Each structure stands twice: as C-alpha cells, then as structure tokens.
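Remarks on the structure that follows.
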Amino acid sequence: MRVEHGLTQDELADRADMDAAEIRRLETARRDPGVRVLHRLAEGLGVPAADLLRIGD
C-alpha cells in the first residue's frame, strides 16, 4: 500500500511519526503492528485504518 501511494519508507515514517526502521520491520513481518501503530500508519497513508486490515483484496 505504501508503494501504491508513491511513498518511500522514510516518507511514510515521517507522515506517521514513526521511525523508518519500524516501517522496515513491519514490511518484513518481523513485527506485528498494534492498534496504535495501525492508526498511525493509516493516518500517514491517508486511508481508513480498516483498509490496512483487508485480506486478499
């Protein structure tokens, strides 16, 4: 989804007020996001949090 929005990991990290290393860990499945992280990612991407929970779309 990040790439679809034309964002680098660093850009998303800035928008979501997160560390870029945390974005990398999430994308490589080395960390499962909690509710707060999902909310921050959704805000950074400009999408509803529910969009991040869709499977198989």
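The values are calculated or read from the model by the stated rules, or taken from the named source; none is laboratory data. Here the structure is a predicted model, which means the values were calculated and not measured. All Cβ positions, even for glycine, are placed from backbone atoms using ideal geometry, and neighbour counts span all protein chains on display.
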*For residues that are among the β-branched types (V, I, T) and assigned to a helix (DSSP H, G or I), scanning just segment 11-57, find the one that is farthest from M1 (Cα to Cα).*
V35
*Picking from L7, L26, which residue would you name as being at pLDDT 95 or above and among the hydrophobic types (A, V, I, L, M, F, W, C)?*
L7
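Looking only at segment 1-45, count every residue that is among the small types (G, A, S) and more than 9 Å from the chain's Cα centre (by Cα) and tell me the total.
Of the residues in segment 1-45, 5 are among the small types (G, A, S) and more than 9 Å from the chain's Cα centre (by Cα).
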*Of all residues in segment 22-45, count the ones that are surrounded by 10 or more Cβ atoms within 10 Å (Cβ to Cβ) and closer than 17 Å to T8 by Cα.*
12
